[in-house]
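Some notes on the structure that comes next.
The values are calculated or read from the model by the stated rules, or taken from the named source; none is laboratory data. Note that the structure is predicted; figures quoted are calculated from it, not measured. Every residue, glycine as well, gets a Cβ built from its backbone with ideal geometry; the counts of neighbours run over all protein chains shown.
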Amino acid sequence: MLKAQRKAYVPFRHAPFLLRPNAVSPSSPLDLIKLLKLSADTKNLKVGKTIHSHLIVTSRATENSIIEVNSLINFYAKVNQVSIAHNLFDRMPERNVVSWSALMTGYLLNGFSLKVIRLLKDMISEGNVSPNEYILAIAISSCCDRGRVEEGRQCHGLLLKTGFSFHNYVRNALVSMYSKCSIVQDAMGVWNEVPVNDIVAYNSILSSLVENGYLREGLEVLRSMVSESVKWDKVTFVNAFSLCASLKDLRLGLHVHGKMLTSDVECDAYVSSAIINMYGKCGKSLMARGVFDGLQSRNVVLWTAVMASCFQNGCFEEALNLFSKMEQENVKSNEFTYAVLLNACAGLSARRNGSLLHGHSEKSGFKHHVMVGNALINMYAKSGDIEAAKKVFSDMMHRDIITWNAMICGFSHHGLGKKALLVFQDMLAAEEHPNYVTFTGVLSACGHLGLVQEGFYYLHHLMKQFGVQPGLEHYTCIVSLLSKTGQLNEARNFMRTAPVKWDVVAWRTLLNACHVHQNYGLGRWVAEFVLEMDPNDVGTYTLLSNIYAKEKRWDGVVKVRKLMRDKKIKKEPGVSWIEIGNVTHIFTSEDNKHPDYGQTYQKVKELLAMIKPLGYTPDIGAVLHDVEDEQKEYYLSYHSEKLAIAYGLLKLPSEASILVIKNLRICDDCHSAVRLISKVTNRVIVVRDANRFHHFRDGRCSCLDYW
């Protein structure tokens, strides 16, 4: 005889029976409250409303039924219907501490932190019910939002008066609040007030410190756990791996990994992803991959973690290859996966791959996820399609600080300073608080536009107003701004007086300006200064050599080359590439290895012949060879970017824009030539060099001939 198949347990299978009028027994009210709690925990609005209706019909949802109404408040608060919960709360003639706690928790979970604080004030002013440790812990947690430090301190004072500060969860809430509000001294002060070896408390303080960037203090807590022989659990190991990742401390990470392997903690997906992340952040993507490959079961979190480790270490293609393997194993991507992959495409300037992922993410239901939108803006901006980036930005329903920064910095990187500053104004109008990255993009935009007064206003006044401490990137932007406007001596004086330790990049910014503005004397001085800082900086040797060549001082060019030979420094060869269809075509200067090099050379000759009547003259002064002028002109004609553009004109449709990526700064001659080529061919040509994007259209460039 065959046995009947056993049915799986379904939480709400018996709900209809319980709600039949003739099925009500003396124990039914308790059953209904349990069901209501289950509805809240599973966010089942339909069943919860059915129970509410039944309570009304049976007169058990009156204002005097405090247990039932509290359960309803808890239910509606947890299913994001906090306004209904508050309405029920307001109609209660008598409330207990559970009533207040349920409503305050609902507002906290739904992001209305100010409402929580107001409810606490109302509770104290009414005086009928005194707040207990749970109520105060909820109020303290609400102060983490938007940095409500003053309210947090008031709650702390109330805790001290009432004597509740010794409870673990209250103390943990205080530590978290002070950490998230960047008051680490108070966080550690609370922690040190009461000696404890409770693992939950240790995990709470460690997690808060690591999440908010207080790594030295986090290391102290970890040492304390070891010295007090506190037994670690899964959460501890995850926090410890996160600390090692943030510190980029591989040695400590290896110790923690060894400790975990000798413990009885299960190495599940949660722990494994933390290990992979740690090795990735410490620059050991192969070790991260080794951990991943050793796992028998791999979910989307683990796939995303190993992709992220590849991305963080510049292995962009490997990250994209892993995506294909993940799909073969039928693992569905989440928003984090798409963000990592799109940023990998940005690193490769792989617009086509990025566009395919864009479509894939929308089909998977992530069109309106902020994280994916941010990654799309970054990908399109870095792949040369700033208009596509702007469209993604405009279509986003929700934006965060990263969204605004991505768009501002994207426009700045493309030399579109006015558009960058307009987005910044929109950001301020939207009451979004600008941060360090925002002002880097804004000052860069001022540099492109030559807005000296505005740049100094942002640096000295607006940044101070928003509490942003100027850093090296901001001061470097000011050097670039002064340099662009030809104020080279002012730029040098600014560098002498600014309260920052300058790096090679900042000095090379001034050196490049000396080259552009033909202030060769100052340029040589700056170059010598930079080479004292970093004797192996190939970019400085190149610029110094160019300065000597412009002055026709071939002895200086020879001297620089000898220095480079003696130090075994090689200039990176110029390489340009263009994506056509599914194929990336790579060109080097005077390239004769490409299958279509004959056609490409012929196209370059035709283009140069077309632009000469428009005033193009080869800039032979930039050629670093003491040879005949005719030979110098030949060297210039077949630079990699000219070859790539010519190939694009041969192979792409007449209405298509041309995007070329170059590994080095575009030379003066190629810049002049491409400007005129865009005019005679009536094409938009975008060249991304080592510094920025150049948008050539109708004989003009977005950089206004300064880069």
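I'd like to check something: does region 6-17 contain any residue that is more than 45 Å from the chain's Cα centre (by Cα), of a type in the set (Phe, Trp, Tyr) and at pLDDT below 90?
Yes - at least one qualifying residue is present in region 6-17.
Tally the residues that are in a helix (DSSP H, G or I) and over 24 Å from residue 142 (Cβ atoms), restricting the search to region 173-201. Even if it seems obvious, please write down each step before you answer.
At the first step, the residues of region 173-201 found to be in a helix (DSSP H, G or I) are 173-180, 184-193, 199-201.
Keeping just the survivors that are over 24 Å from residue 142 (Cβ atoms) gives 192, 199.
Here the count works out to 2.
Do you know which residues across region 490-505 are crowded, with 20+ Cβ neighbours inside 10 Å and touching an Asp or Glu at 6+ places or on another chain (Cβ under 9 Å)?
Result: no residue meets the conditions.
Based on what the data block shows, is residue 433 in a loop (DSSP other than H, G, I, E, B) and more than 28 Å from residue 544 (Cα to Cα)? Before the answer, list the steps.
On the way: in a loop (DSSP other than H, G, I, E, B): yes; more than 28 Å from residue 544 (Cα to Cα): yes.
Answer is yes for this residue.
Could you list all residues from region 411-438 that are under 16 Å from residue 370 (Cβ atoms) and either surrounded by 20 or more Cβ atoms within 10 Å (Cβ to Cβ) or touching a residue at least 60 places away in the same chain (Cβ under 8 Å) (or both)?
The answer is 427, and nothing else.
Kindly state which helices (runs of 4 or more DSSP H) lie completely within region 297-371 and contain at least 1 residues that are of a type in the set (Gly, Ala, Ser) and within 21 Å of residue 394 (Cβ to Cβ).
On the way: elements: 300-312, 316-328, 335-348, 351-363.
In region 297-371, the matching helices (runs of 4 or more DSSP H) lie at 335-348, 351-363.
Is it the case that some residue within region 372-393 is more than 30 Å from residue 700 (Cβ to Cβ) and not in a helix (DSSP H, G or I)?
Here is the first cut: in region 372-393, the ones more than 30 Å from residue 700 (Cβ to Cβ) are 372-375.
Among the residues that remain, those that are also not in a helix (DSSP H, G or I) are: none.
No, region 372-393 contains no residue that is more than 30 Å from residue 700 (Cβ to Cβ) and not in a helix (DSSP H, G or I).
Specify which of the listed residues (186, 122) is more than 27 Å from residue 467 (Cβ to Cβ), among the charged types (D, E, K, R) and either crowded, with 20+ Cβ neighbours inside 10 Å or out of contact with any strand residue (DSSP E or B) (no Cβ under 7 Å at 6 or more places or on another chain) (or both). I'd like the intermediate steps shown before the answer.
Values: 186 fails: more than 27 Å from residue 467 (Cβ to Cβ).
One residue alone meets the criteria, 122.
Quick one: in region 59-97, which of the residues that are surrounded by fewer than 15 Cβ atoms within 10 Å (Cβ to Cβ) and among the β-branched types (Val, Ile, Thr) is farthest from residue 129 (Cα to Cα)?
Once the filter is applied, the top-ranked residue is 62.
From 240, 269, grab the single residue that is modelled with pLDDT of 90 or more, among the small types (Gly, Ala, Ser) and surrounded by fewer than 20 Cβ atoms within 10 Å (Cβ to Cβ). Write out each step before concluding.
Working: 240 fails: surrounded by fewer than 20 Cβ atoms within 10 Å (Cβ to Cβ).
On inspection, the qualifying residue turns out to be 269.
Residues are listed down the side, and each one gets a yes or a no for (1) within 22 Å of residue 175 (Cβ to Cβ); (2) surrounded by fewer than 21 Cβ atoms within 10 Å (Cβ to Cβ):
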{"position": "206", "(1), (2)": "yes, no"}
{"position": "216", "(1), (2)": "yes, yes"}
{"position": "228", "(1), (2)": "yes, yes"}
{"position": "235", "(1), (2)": "yes, yes"}
{"position": "245", "(1), (2)": "yes, no"}
{"position": "254", "(1), (2)": "no, yes"}
{"position": "261", "(1), (2)": "no, yes"}
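What number goes with the only condition from (1) more than 18 Å from residue 450 (Cα to Cα); (2) in contact with a helix residue (DSSP H, G or I) (Cβ under 7 Å, 6 or more places away or on another chain) that residue 413 does not pass?
Exception for residue 413: condition (1).
Being in a helix (DSSP H, G or I) and closer than 11 Å to residue 373 by Cα is the filter here; which residues of region 394-403 pass it? Show your work before the answer.
In the first step, residues of region 394-403 are kept if they are in a helix (DSSP H, G or I); the result is 394-395, 401-403.
394, 395, 402, 403 - these are the residues of region 394-403 that are in a helix (DSSP H, G or I) and closer than 11 Å to residue 373 by Cα.
Do any helices (runs of 4 or more DSSP H) lying entirely in region 452-565 carry at least 2 residues that are over 30 Å from residue 432 (Cα atoms), touching a Phe, Trp or Tyr at 6+ places or on another chain (Cβ under 7 Å) and of a type in the set (Phe, Trp, Tyr), and which ones are they?
Details: elements: 452-457, 472-484, 488-497, 504-516, 520-533, 538-550.
So the answer is none; nothing clears 2.
Which ones in region 538-560 are closer than 15 Å to residue 514 by Cβ and in contact (Cβ under 8 Å) with a residue 60 or more places away in the chain?
Those that are closer than 15 Å to residue 514 by Cβ and in contact (Cβ under 8 Å) with a residue 60 or more places away in the chain: 545, 546, 549, 550.
So how many residues does region 294-341 have that are charged (D, E, K, R) and under 24 Å from residue 261 (Cβ atoms)?
First pass over region 294-341, keeping only residues charged (D, E, K, R): 298, 317-318, 325, 327, 329, 332, 335.
Checking the rest, the ones that are also under 24 Å from residue 261 (Cβ atoms) come to 298.
Counting residues in region 294-341 that are charged (D, E, K, R) and under 24 Å from residue 261 (Cβ atoms) gives 1.
So which residues in region 572-619 are outside any strand (DSSP E or B) and among the aliphatic types (A, V, I, L, M)?
Of region 572-619, the ones outside any strand (DSSP E or B) are 572-574, 581-582, 589-619.
The answer is 604, 607, 608, 609, 610, 611, 614.
For region 592-629, how many residues meet the condition of being at pLDDT below 90, β-branched (Val, Ile, Thr) and under 23 Å from residue 665 (Cα atoms)?
Here the count works out to 3.
Considering only residues that are of a type in the set (Lys, Arg) and over 34 Å from the mean Cα position of the chain (by Cα), look in region 642-674 and name the one that is surrounded by the most Cβ atoms within 10 Å (Cβ to Cβ). Working first, answer last.
The first filter runs over region 642-674 and keeps only residues of a type in the set (Lys, Arg), leaving 642, 651, 662, 665.
Next, only the ones that are over 34 Å from the mean Cα position of the chain (by Cα) stay: 642, 651.
On the way: 642: 27, 651: 17.
If we take residues in region 642-674 being of a type in the set (Lys, Arg) and over 34 Å from the mean Cα position of the chain (by Cα), then 642 is surrounded by the most Cβ atoms within 10 Å (Cβ to Cβ).
Counting just the residues of region 142-153 that are surrounded by fewer than 23 Cβ atoms within 10 Å (Cβ to Cβ), assigned to a helix (DSSP H, G or I) and in contact with a helix residue (DSSP H, G or I) (Cβ under 9 Å, 6 or more places away or on another chain), which one comes out modelled with the lowest pLDDT?
The initial filter retains those residues of region 142-153 that are surrounded by fewer than 23 Cβ atoms within 10 Å (Cβ to Cβ), namely 144-151, 153.
The next check asks that each one be assigned to a helix (DSSP H, G or I); those that pass are 145-147, 149-151, 153.
Filter again for in contact with a helix residue (DSSP H, G or I) (Cβ under 9 Å, 6 or more places away or on another chain), leaving 145-147, 149, 151, 153.
Numbers: 145: 69, 146: 65, 147: 68, 149: 78, 151: 84, 153: 84.
Taking the candidates together, the pick is 146.
What do you reckon, is residue 456 outside the structural domain of residue 694 (by TED's automatic domain parsing), touching a helix residue (DSSP H, G or I) at 6+ places or on another chain (Cβ under 8 Å) and surrounded by fewer than 18 Cβ atoms within 10 Å (Cβ to Cβ)? Lay out the reasoning, then the answer.
Details: outside the structural domain of residue 694 (by TED's automatic domain parsing): yes; touching a helix residue (DSSP H, G or I) at 6+ places or on another chain (Cβ under 8 Å): yes; surrounded by fewer than 18 Cβ atoms within 10 Å (Cβ to Cβ): yes.
The answer is yes for residue 456.
List, please: which pairs have Cβ atoms under 7 Å, are six or more places apart or on different chains, and start with a residue in region 308-319 that is over 11 Å from residue 345 (Cα atoms) and end with one that is surrounded by fewer than 19 Cβ atoms within 10 Å (Cβ to Cβ) and among the charged types (D, E, K, R)?
Hits for this filter: 310/318.
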